[in-house]
Amino acid sequence: MDKLDMHSRNLADEKYQILKELFPNAITETKDANGEVVRAIDKDVLMQEISTQVVEGKEERYQFTWPDKKKAILNANAPINKTLRPAREESVNFDETENLYIEGDNLEVLKLLQETYLGKVDVIYIDPPYNTGKDFVYNDDFKESVEEYLENSGQYDEEGNKLEKNPETNGRFHTDWLNMMYSRLTLVKNLLSDEGAVFISIDEREQGNLKKICDEIFGEQNFVSNIIWNKKSGAKGVPPKDMIVNVHEYLLCYQKSNMFKFMGEKRDAEKEGFKNPDNDPRGPWRESNIKSTVKPIETAFVITNPTNGKQYKNTWAFSKESLEKMIEEDRIIWKENLPKQKEFLYEMTNVNKAIKSTWGVFDPQSTTVYLKKLIKEAKFDNPKPLTLMDYLLKVTTTKQSIVLDIFSGSATTAHASMKLNAEDGGNRKYIMVQLPEETDEKSEAYKAGYKTISEIGKERIRRAGKQILEENKNGEEIEKLDIGFRVLKTDSSNMKDVYYSPAYTEQNFLDDLEDNIKEDRTSEDLLFQVMLDLGVSLSSKIESQTIAEKEVFVVEDGFLIACFDKDVSEDTVKEIANKEPYYVVFRDKSMASDSVAANFDQIFASISPETIRKVI
């Protein structure tokens, strides 16, 4: 049996391995500053292989850079020894739901999701701090060495603080914000499906810088649109000296590849003029011009009304043959002065209509008022408008899309997802990520027991879900609407530090150690870290069974079966093998005796030889 890594992916090492496979002759070794022999890339060989100019040092080149950019890249690629622990008591319908609410620093969460959700997310929405001089930005400490970062993840100080003010007087005003965004966007790109896109809310302060780093990360060719939406419908109260007021914000959109496309707006046949006054069996139609406005007069020709013989000479948008066929099929409306054609709804090239890059007015105040009624103790000054997120999901998602929001705040994206599912019978699944940022001790929310923003977000989803069910109680199959969510929280690894020691893996010097798992961790904690490591969806169906008096987790109807109990008998092993799982995972040294351990591989080899066997 192989041992699971039980830590997040080392993206830098994976990229090195890809380069090694492509250009093995460019791989070499050298000595670092400490005289240690380390792996290296022979630049000269690589230049010969790719036959292109390499820019280095102070040579002029087109680039966008800032202090600590290199460290931001290292920060994105470095692995962490963290995990996600389930919190059943804070969840809703834990065993049935396919939605996730993850508490933790989104940089850590994105790293933990790299295996499980690689290339699987269809729409990612990001509403970061806008860097106004008053907002907080995530404090990713670049003062530590890479080795120190790998040891403790580089994310928390001794007091556990995560955020710090970024005032305009700060000499690193743009630098800190760019470093925060660059590492997160790098990881976000990996999670997008080939048909997926990311939408980032921003204002004018960092919009230009954000576009530059997105061009670099996603590729300039994958820029889709710089969407504008208005947060006000007027410019009341403008100071006379200014005579202009900023009423809009931006949604910067980048695709993973050219396979992405907007779903577009659903057509409203009546509003678009489609009717059927003559009960045409082909369905609703509207009048459309057949006269050309661009063809020269010498191309004019005559068409004849077959019912009365009246002739019309003009420059037409169609050829004579096409028009004669349209006349034969009764598609021409013989108006007195100028004939027109019937344009049928069923023949429209696109079921939905194209959308503009300006999305109109979405008033945040209406959502503020709504939230005040929903959770009277909570106060949100600038929540994203529910109408905006509702529209965004309508024009970008299918009924089965996975939606990720890494700065979920008041959980507007989750609310909009449930609302849209109730409307069209969809099964969109959301993943909300929110730092458990503390609420103000003087606030009504804090006094009411909401100690963190994430607690308010979870409560909003609970109440909004119930409200949506009530409002749609007569809807078809509304009882199938998923209003639940599975709460997971970032924490240190379930494994003791010695689990990751090179001495342990190379020399097995801890063979006599009683356990390599922390004492305060449950079997379900271990299960979710295993799911992360194996890339199994965190919303997977999980069934707990008792097999030969041992607790066994059956995930996704047997795709993964895990048992973390000790003293596992041969009967348990045989019953699990009979289920023929794709993966099976046991605790290291969990077998009841040496004979069970010795027979383990033989049992699986004879009953389920294709099963991949792992231990932690």
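The values are calculated or read from the model by the stated rules, or taken from the named source; none is laboratory data. Not measured: the values here are computed from a predicted model. Every residue, glycine as well, gets a Cβ built from its backbone with ideal geometry; the counts of neighbours run over all protein chains shown.
Can you tell me how many residues within the range 382-409 are crowded, with 22+ Cβ neighbours inside 10 Å and charged (D, E, K, R)?
Summing the residues that are crowded, with 22+ Cβ neighbours inside 10 Å and charged (D, E, K, R) in the range 382-409 gives 2.
Being surrounded by 14 or more Cβ atoms within 10 Å (Cβ to Cβ), modelled with pLDDT under 85 and more than 25 Å from E115 (Cβ to Cβ) narrows it down to one of L4, L46, L11, so name that one. Don't jump to the end; show me each part of the working.
Numbers: L4 fails: more than 25 Å from E115 (Cβ to Cβ); L11 fails: more than 25 Å from E115 (Cβ to Cβ).
Exactly one residue qualifies, and that residue is L46.
Looking at E570, E580, which one is among the acidic types (D, E) and either within 38 Å of the chain's Cα centre (by Cα) or at positive phi (or both)? Before you say what the answer is, go through the steps one by one.
Details: E570 fails: either within 38 Å of the chain's Cα centre (by Cα) or at positive phi (or both).
Exactly one of E570, E580 is among the acidic types (D, E) and either within 38 Å of the chain's Cα centre (by Cα) or at positive phi (or both), namely E580.
Would you confirm whether any residue within the range 24-39 is in contact with a Ser or Thr (Cβ under 7 Å, 6 or more places away or on another chain), surrounded by 15 or more Cβ atoms within 10 Å (Cβ to Cβ) and on the phi < 0 side of the Ramachandran plot?
Applying the first criterion (in contact with a Ser or Thr (Cβ under 7 Å, 6 or more places away or on another chain)) to the range 24-39 yields 38.
Of the ones still in play, those that are also surrounded by 15 or more Cβ atoms within 10 Å (Cβ to Cβ) are none.
No, there is no match, as no residue in the range 24-39 is in contact with a Ser or Thr (Cβ under 7 Å, 6 or more places away or on another chain), surrounded by 15 or more Cβ atoms within 10 Å (Cβ to Cβ) and on the phi < 0 side of the Ramachandran plot.
Just give me the residues in the range 555-569 being touching a helix residue (DSSP H, G or I) at 6+ places or on another chain (Cβ under 9 Å) and either buried (at least 22 other Cβ atoms within 10 Å of the Cβ) or closer than 19 Å to D533 by Cα (or both), in sequence order.
Passing the criteria: V555, L560, I561, A562, C563, F564, V568.
Would you say L527 is in contact with a Lys or Arg (Cβ under 9 Å, 6 or more places away or on another chain) and either at pLDDT 75 or above or at positive phi (or both)?
On the way: in contact with a Lys or Arg (Cβ under 9 Å, 6 or more places away or on another chain): no; either at pLDDT 75 or above or at positive phi (or both): yes.
So L527 fails the test.
In the range 604-616, what residues are in a helix (DSSP H, G or I) and more than 25 Å from M6 (Cβ to Cβ)?
Filtering the range 604-616 down to residues in a helix (DSSP H, G or I) leaves 604-607.
A605, S606, I607, listed by residue number.
Of all the residues that make up the range 344-399, how many are more than 30 Å from D440 (Cα to Cα), touching a residue at least 60 places away in the same chain (Cβ under 8 Å) and over 23 Å from the mean Cα position of the chain (by Cα)? Before the answer, list the steps.
At the first step, the residues of the range 344-399 found to be more than 30 Å from D440 (Cα to Cα) are 344-361, 391-399.
Narrowing further to those that are touching a residue at least 60 places away in the same chain (Cβ under 8 Å): 344-346, 348, 350-355, 357-361, 392-398.
From what's left, over 23 Å from the mean Cα position of the chain (by Cα): 344-346, 348, 350-354, 358, 360-361.
Counting residues in the range 344-399 that are more than 30 Å from D440 (Cα to Cα), touching a residue at least 60 places away in the same chain (Cβ under 8 Å) and over 23 Å from the mean Cα position of the chain (by Cα) gives 12.
Suppose we keep only residues that are part of a loop (DSSP other than H, G, I, E, B) and buried (at least 18 other Cβ atoms within 10 Å of the Cβ) within the range 576-587. Which one would you say is modelled with the lowest pLDDT?
So the residue we want is R587.
Output the number of residues of the range 382-403 satisfying the condition of being in contact with a Pro (Cβ under 9 Å, 6 or more places away or on another chain) and of a type in the set (D, E, K, R).
1
Does any residue in the range 1-20 that is over 21 Å from E49 (Cβ atoms) and in contact (Cβ under 8 Å) with a residue 24 or more places away in the chain come within less than 6 Å, Cβ to Cβ, of a residue that is in a helix (DSSP H, G or I) and among the basic types (K, R) six or more places away or on a different chain, and which pairs are these?
S8/K111
Looking at this structure, is S322 hydroxyl-bearing (S, T, Y), without any contact (Cβ under 8 Å) to a residue 12 or more places away in the chain and not in a strand (DSSP E or B)?
Numbers: hydroxyl-bearing (S, T, Y): yes; without any contact (Cβ under 8 Å) to a residue 12 or more places away in the chain: yes; not in a strand (DSSP E or B): yes.
So S322 passes the test.
When the range 559-594 is examined, which residues are found to be in contact (Cβ under 8 Å) with a residue 24 or more places away in the chain and of a type in the set (S, T, N, Q)?
S569, T572, N578, S590
Applying the selection to the range 292-317, what residues are exposed (fewer than 15 other Cβ atoms within 10 Å of the Cβ) and among the aromatic types (F, W, Y)?
Taking the range 292-317 as the starting set, the residues that turn out to be exposed (fewer than 15 other Cβ atoms within 10 Å of the Cβ) are 292-302, 304-311, 313.
Listed by number, the list holds a single entry, F301.
Per-residue answers, yes or no, for (1) touching a residue at least 60 places away in the same chain (Cβ under 8 Å); (2) surrounded by fewer than 22 Cβ atoms within 10 Å (Cβ to Cβ):
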site	(1), (2)
L435	yes, no
E441	no, yes
K447	yes, yes
S454	yes, no
A464	yes, no
E470	no, yes
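How many of the residues in the range 346-367 are assigned to a helix (DSSP H, G or I) and crowded, with 17+ Cβ neighbours inside 10 Å? Give the steps one after another, and end with the answer.
First, the residues of the range 346-367 that are assigned to a helix (DSSP H, G or I): 346-347, 364-367.
Now drop any that are not crowded, with 17+ Cβ neighbours inside 10 Å, which leaves 364, 367.
Looking only at that region, the number is 2.
Any idea how many residues of the range 91-120 are of a type in the set (D, E, K, R) and buried (at least 18 other Cβ atoms within 10 Å of the Cβ)? I'd like the intermediate steps shown before the answer.
Step one: list which residues in the range 91-120 are of a type in the set (D, E, K, R), which gives 95-96, 98, 103, 105, 108, 111, 115, 120.
Narrowing the set further to residues that are buried (at least 18 other Cβ atoms within 10 Å of the Cβ) leaves 98, 103, 105, 108, 111.
Qualifying residue count for the region: 5.
Do we find a residue being closer than 30 Å to K566 by Cβ, among the charged types (D, E, K, R), more than 27 Å from the chain's Cα centre (by Cα) and modelled with pLDDT under 95 anywhere in the range 487-503? Walk me through how you get there before you give the answer.
Within the range 487-503, the subset closer than 30 Å to K566 by Cβ is 487-503.
Remaining after also requiring among the charged types (D, E, K, R): 489, 491, 496-497.
Narrowing the set further to residues that are more than 27 Å from the chain's Cα centre (by Cα) leaves 496-497.
From the residues that got through so far, the ones that are modelled with pLDDT under 95 too are 496-497.
Scanning the range 487-503 turns up at least one residue that is closer than 30 Å to K566 by Cβ, among the charged types (D, E, K, R), more than 27 Å from the chain's Cα centre (by Cα) and modelled with pLDDT under 95.
Please work out which residue is farthest from the chain's Cα centre (by Cα), limiting yourself to the range 252-305 and to residues that are assigned to a loop (DSSP other than H, G, I, E, B) and of a type in the set (K, R). Step through it out loud before you land on a result.
Of the range 252-305, the ones assigned to a loop (DSSP other than H, G, I, E, B) are 256-264, 267-274, 276-284, 290, 292-296, 300, 305.
From what is left, the residues that are of a type in the set (K, R) are 256, 261, 267, 271, 282, 295.
Values: K256: 12, K261: 16, R267: 28, K271: 34, R282: 42, K295: 49 Å.
Checked the range 252-305; the qualifying residue farthest from the chain's Cα centre (by Cα) is K295.
Looking at T546, T572 in this structure, which one is crowded, with 22+ Cβ neighbours inside 10 Å and either outside the structural domain of L110 (by TED's automatic domain parsing) or part of a helix (DSSP H, G or I) (or both)?
Numbers: T546 fails: crowded, with 22+ Cβ neighbours inside 10 Å.
That would be T572, the only listed residue that is crowded, with 22+ Cβ neighbours inside 10 Å and either outside the structural domain of L110 (by TED's automatic domain parsing) or part of a helix (DSSP H, G or I) (or both).
Going through the range 58-93 one residue at a time, which ones are among the β-branched types (V, I, T) and in a strand (DSSP E or B)? If you could, list the steps in order and put the result at the bottom.
Taking the range 58-93 as the starting set, the residues that turn out to be among the β-branched types (V, I, T) are 65, 73, 80, 83, 92.
T83, V92 - these are the residues of the range 58-93 that are among the β-branched types (V, I, T) and in a strand (DSSP E or B).
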